[in-house]
Amino acid sequence: PGHLNMQRSAPVDPTKMGVGKAIAVLTSGGDAQGMNAAVRATVRVGIYTGAKVYFVHEGYQGLVDGGDNIRQATWESVSMMLQLGGTVIGSARCQDFRSKEGRAKAACNLVKLGITNLCVIGGDGSLTGANEFRNEWSELLQILLKAGKITAEEAKHSSHLNIVGMVGSIDNDFCGTDMTIGTDSALHRIMEVVDAITTTVQSHQRAFILEVMGRHCGYLALVTALACGADWVFIPEMPPDEGWEDHLCRRLTYQRSIGNRLNVIIVAEGALDHHGKPITCDIIKNLVTKKLSFDTRATILGHVQRGGTPSAFDRILGSRMGVEAVMALLEATPDTPACVVSLSGNMAVRLPLMECVQVTKEVTKAMAEGRFEEAVKLRGKSFENNWNTYKLLAHVTAPDVKSNINIAIMNVGAPCAGMNAAVRSAIRIGILQGHSMLAVHDGFDGLAHGAIEPMTWGYVGGWTGKGGSNLGTKRSLPARMIEEISLNIAKFNIHALVIIGGFEAFVGGLELVTAREKYEELCIPLVVIPATVSNNIPGSDFSIGADTALNTITTTCDRIKQSAAGTKRRVFIIETMGGYYSNNNMCGYLATMAGLAAGADAAYIYEEQFGIHDLETNVEHLLEKMKTTVKRGLILRNEKCNANYTTDFIFNLYSEEGKGVFDCRKNVLGHMQQGGTPTPFDRNFGTKMGAKAVLWLTEKLKECYRHGRIFANTPDSACVLVMKKRATIFQPLSDLKEDTDSEHRIPKTQWWLKLRPILKILAKYKISLDTSETATMEHVIKKRGTV
């Protein structure tokens, strides 16, 4: 026994894990954007571990039909597919696989090729099918043996089938997973339509009804409603109360009366009322037209939502899940339950497949039996949070009783997409809490010079979809204007402060806290909401604006790669921003994540030092790659990653070394990374963060109220609202000081550095992957205590 333990704990060489094993990958059910990223990662990581990888074309139908449908994949065969929507290897609805003889045929095809690992990318139906297939595997082998289709030797070699699932479904209807592959891209399509229709509807003062996909799940409808500030949303999980027709008409009339030129209503295709009757676009349209005689237009989105390029998030999700899927297959034993790989927050997790399926079925059952509150809970944390934020912002009118509290809101640092969404929700939640909300223009300068004005509910209407900063923002820090700032805080009677911005917001917040000793006026609760494309706020894994910048870079890389279609071999060197205006911001987040999303060969960043040997290795690596059928190379470089190895230097190096094999082009992306319409993620994230911050301040103000005034000077009354792994938490500014490399304006610990090996493996480097941190299996079904 001692000897066995020794063997187990010896470090595994990841490049040998798959030797002698074969993996098949198939996509099944409805297609979803990002499936190709998952297929590509599964193939490349499989090959990296030494395994053979097979494509199964046309889903389960191809598995049953065999022959040419099951083909060995090569490294090059998944090149240039990352940016394509749908699934390149095809998907089909399959009747044959539902019969036992169909499954026996499929088993026979796998046994003949020695494939005992199956990776299925699809919806809950496809994954349930895979599990069934695995459970009756030995029975199927017996049938094949009896019929003389396979030999005893073959049966012994393939005695057990491992399966792992990845959920590809635009509805996000699978329980246990935060986001399924394709959901984010579908939201991108929907928001493009909403933004486009909004402009025409506003011109004419119309009401507009949009039906989005989601027969049993209202996720797309709910997030769309949050992200575009809709007046009403109908989802299957939460039918509207009795008498909703009158309520809806009152809401629309009220919105018009405060000067809104448009009304937006979002409907999930599966929306029902309390009696289980469908609520359709037409029913709502007739109601609004008859009762209010508003000019009303309805649009049913349909298959547009499945189409188009996958978003950056879906590509990274697919790629990370592909890596995890291969690891889960190669580490599986006959005793481990079939699992689904997924992301929770920014962590890769493995979940028992059947538990997820069970909970997913329980939601449908709860809905059928009218237990709606429970259905929303079963959908998971992310769904519940969205629903609660929506309810907060939508279904209420301002209270008559005022709190006599004034809360000021400001933007600091460089503008980024999503700032306005955070400002809007903070102001509206504040008004609903009975506070007076003040807008500070132009950052700390505005606070010092008194550029402060009261905000109304209507003033921030339509802000979620606007890029940049409507309040105006500056990089100046407060330390040299502390005197003026404290005078204005007293003059405008400001009781609490919300600072939305980048690294300067963090540093500025710290300066205000330090100055509390001298200036009593600064002893007020304050909260910093991270909003910067660089994603470099200490303590926080994500910041508002980074997702939009990432999509801008990814789309641009796609276009740049495509520009060379039809020409000879070409390598592109692309410079990304690491931090605006400042000469010393080094954060390599954008370069790394865009590298994953656009399929880069290398991403040079400050956090991972590189020298002449690394550059030499990279150039040689590309030369080797370009001798195959691969025609494109993509190199990303963070603008501040190295003072001497500049973009020009790297461009010259690759140009010289690539002579006769490939030519080079360089692009500096510049300020376009800061612009653009906010992505659905940033709108939604900004909305939730703004709301959370103000609700927290309301509680803090109650704690700090003494002898008729507010006094806050404890560390926990000045916090950053951070996203950590899976949760948002309020962390004192003073605690985060330790985790800051102020000179380079980056946190000392950064979670995304762990993704860099994946980037390299997908670019065909034989590096060692740290497999010690693989995700452990987690339970979805909470152990129900005995009552």
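The values are calculated or read from the model by the stated rules, or taken from the named source; none is laboratory data. All of these numbers come straight from a predicted model, not from anything done at the bench. Virtual Cβ from ideal backbone geometry, glycine too; neighbours counted across all protein chains shown. Just so you know, the surface numbers come from the protein's heavy atoms only, side chains and all, with ligands and any DNA or RNA stripped out. Shrake-Rupley method; radii C 1.70, N 1.55, O 1.52, S 1.80 Å.
Descriptive notes on the structure:
- Neighbours of GLN72, meaning other residues whose beta-carbon lies under 15 angstrom from its beta-carbon, give a summed charge of +3 when Lys and Arg score +1 and Asp and Glu score -1.
- Each residue, LYS518 and LEU695, gets one label point 7 Å from its Cα in the Cβ direction; the gap between the two is 3.8 nm.
- In this view, the solvent-accessible surface of PHE681, computed with a 1.4 Å probe and all protein chains in place, comes to about 60 Å².
- A Förster distance of 45 Å, applied to the separation of the beta-carbon atoms of LYS146 and TYR765, puts the FRET efficiency at 0.40.
- The spacing between segment 154-218 and segment 390-438, judged by their C-alpha centroids, is 30 Å.
- Length added when fully stretched, ASP335-ALA727, from 0.36 nm per residue minus Cα-Cα: 137.9 nm
- Translational diffusion coefficient of segment 148-228 (Stokes-Einstein, Kirkwood radius from Cα pairs, 25 °C, 0.890 mPa s): 152 µm²/s.
- On a per residue basis, segment 608-687 carries 46 Å² of accessible surface, using protein heavy atoms and a 1.4 Å probe.
- Note on GLU373 and ARG71: the model spin-label points, each 7 Å out from Cα along the C-beta direction, lie 5.6 nm apart.
- Set LYS381/LYS692; LYS290/LYS391; LYS666/LYS754; LYS724/LYS748; LYS491/LYS692; LYS518/LYS748 screened for pairs whose C-alpha atoms are more than 21 Å apart: LYS290/LYS391; LYS666/LYS754; LYS491/LYS692; LYS518/LYS748
- For the chain, averaging the sequence separation of C-alpha pairs within contact (under 8 Å, six or more residues apart) and dividing by the residue count gives a relative contact order of 13 percent.
- Our coupling estimate for segment 448-463, obtained by passing each phi through the Karplus curve with A = 6.51, B = -1.76, C = 1.60 and θ = phi - 60°, is 6, 9, x, 7, 10, 9, x, 10, 10, 4, x, 4, 9, x, x, 6 Hz, Gly and Pro reported as x.
- Based on alpha-carbon atoms, the Kirkwood radius and the radius of gyration of segment 607-743 give Rg/Rh equal to 1.20.
- Seen from a random direction on average, the alpha-carbon convex hull of segment 317-385 projects onto 5.5 square nanometres.
- Rg [Å, one decimal], Dmax [Å, integer] - the chain, C-alpha atoms: 27.7, 91
- Rounded to the nearest 10 degrees, the inclination of helix 612-626 to the longest alpha-carbon principal axis of the chain is 60 degrees.
- Length gained when the stretch THR646-LYS156 is fully extended (0.36 nm per residue, less Cα-Cα span): 170.6 nm
- Net charge, ALA325 excluded, C-beta distance under 14 Å - Lys, Arg +1, Asp, Glu -1: +3
- Percent of Cα-Cα distances greater than 19 Å, calculated over segment 20-114: 40
- Accessible surface ranking that places the most exposed of HIS274, HIS707, HIS188 first, with a 1.4 angstrom probe: HIS707, HIS274, HIS188
- Cleavage-rule hits, trypsin sites (Lys or Arg not before Pro), segment 459-529, DSSP coil, Cβ neighbours within 10 Å at most 11: LYS518
- Charge dipole of segment 183-305 about the Cα centre (unit charges at C-beta), most positive-ward option of LEU262, CYS228, HIS188: LEU262
- In segment 183-305, the DSSP beta bridges split such that about 10 percent are antiparallel, to the nearest 5.
- Of the accessible area of segment 183-305, computed with a 1.4 Å probe over protein heavy atoms only, carbon and sulfur atoms account for 52 percent.
- The rule of thumb for compact globular proteins, 2.2 N^0.38 Å, goes into the C-alpha radius of gyration of segment 552-674 1.00 times.
- Hull volume in cubic angstrom per residue (convex hull over the Cα atoms of segment 241-304): 94
- Site pair HIS274 and ILE258 shows an inter-label distance of 2.7 nm when each label is modelled 7 Å from Cα along Cα→Cβ.
- Anchor LYS737: aspartates and glutamates whose Cα lies under 15 Å away (excluding residues fewer than 8 positions away in-chain): GLU504, GLU511, ASP716
- For SER342, neighbours were defined as the other residues whose beta-carbon sits under 11 Å from its Cβ, and their charges (Lys and Arg +1, Asp and Glu -1) total -1.
- Convex hull of segment 183-305 built on C-alpha atoms - directionally averaged projected area, nm²: 6.9
- Centroid-to-centroid separation of segment 76-123 and segment 649-727 [C-alpha atoms, Å]: 40
- Potential lengthening between GLU620 and GLU101 on full extension [0.36 nm per residue; Cα-Cα distance subtracted]: 181.7 nm
- Relative contact order (%) - segment 552-674, alpha-carbon pairs under 8 angstrom, separation at least six: 40
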